[in-house]
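Visitor: Below: one structure in structure tokens.
The values are calculated or read from the model by the stated rules, or taken from the named source; none is laboratory data. Everything quoted here is computed from the prediction, not taken from an experiment. Glycine also receives a Cβ, built like all others from the backbone with ideal geometry; neighbour counts cover every protein chain displayed.
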Amino acid sequence: MPGKGPWPGKDSELDPQVTTDKKNILSEEAFLILHSGEIPEVAYYSSVHYLTEDPEGPLLNIKPRDLTSLEEAVVRRYRTIILRDLMPENRDKSIYRGLKRCAANWKRLVNFSDKRNIKISYIRIKVAEALRDFLIQEIMDVSSGKRKTCVNCSYSVLLELAYGLGLSKNDIPARVKMLCTGK
């Protein structure tokens, strides 16, 4: 029988077994999001659909607070993939997506967290430090002839990312502009 919450469902808050099962099911879905692909938000919406509307799913009646673990998994996954693309040791690996994707993922994370009022200031600090360190390493490696640049975005995209992280133009090494594609 469908639930009366914001999503259809068949569980009841009066049945403690359903509550325990719901926690286990939500935990499994959070795990799947945490290990999802490049856009964890897509995995999140797929999970919500599966949990609440998919005829083959559990058809849970979910309250917004029930989604906290799933939302946290989305934030953690974004953090992982953003930092992955700011690790110099990943530049030549197949998992590396570059600064352009890093900037896009940062925007996605900010939009997702803003919609849900999730604080990400601790991630912002970590990502800002990683970006500065990445750029310094990239400049050193390219300037020494050790490698060609892997920076795959324009200077304006890079600055937008930096500003979004709370950095100023002064925090970005001046020579980084030579590494960027386009304007």
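Visitor: Determine if the stretch 106-124 includes at least one residue that is surrounded by 13 or more Cβ atoms within 10 Å (Cβ to Cβ), basic (Lys, Arg), more than 25 Å from Val42 (Cα to Cα) and not assigned by TED's automatic domain parsing to the domain that holds Val74.
Guide: No.
Visitor: Could we say that Ser143 is within 24 Å of the chain's Cα centre (by Cα) and either surrounded by 14 or more Cβ atoms within 10 Å (Cβ to Cβ) or farther than 30 Å from Leu67 by Cα (or both) here?
Guide: No; evaluated as a whole, the condition is false for this residue.
Visitor: I've got another one for you. When you look at Val127, is it within 17 Å of Glu160 (Cβ to Cβ), in contact with a Gly (Cβ under 7 Å, 6 or more places away or on another chain) and assigned by TED's automatic domain parsing to the domain that holds Tyr155, yes or no?
Guide: Criteria not met by Val127.
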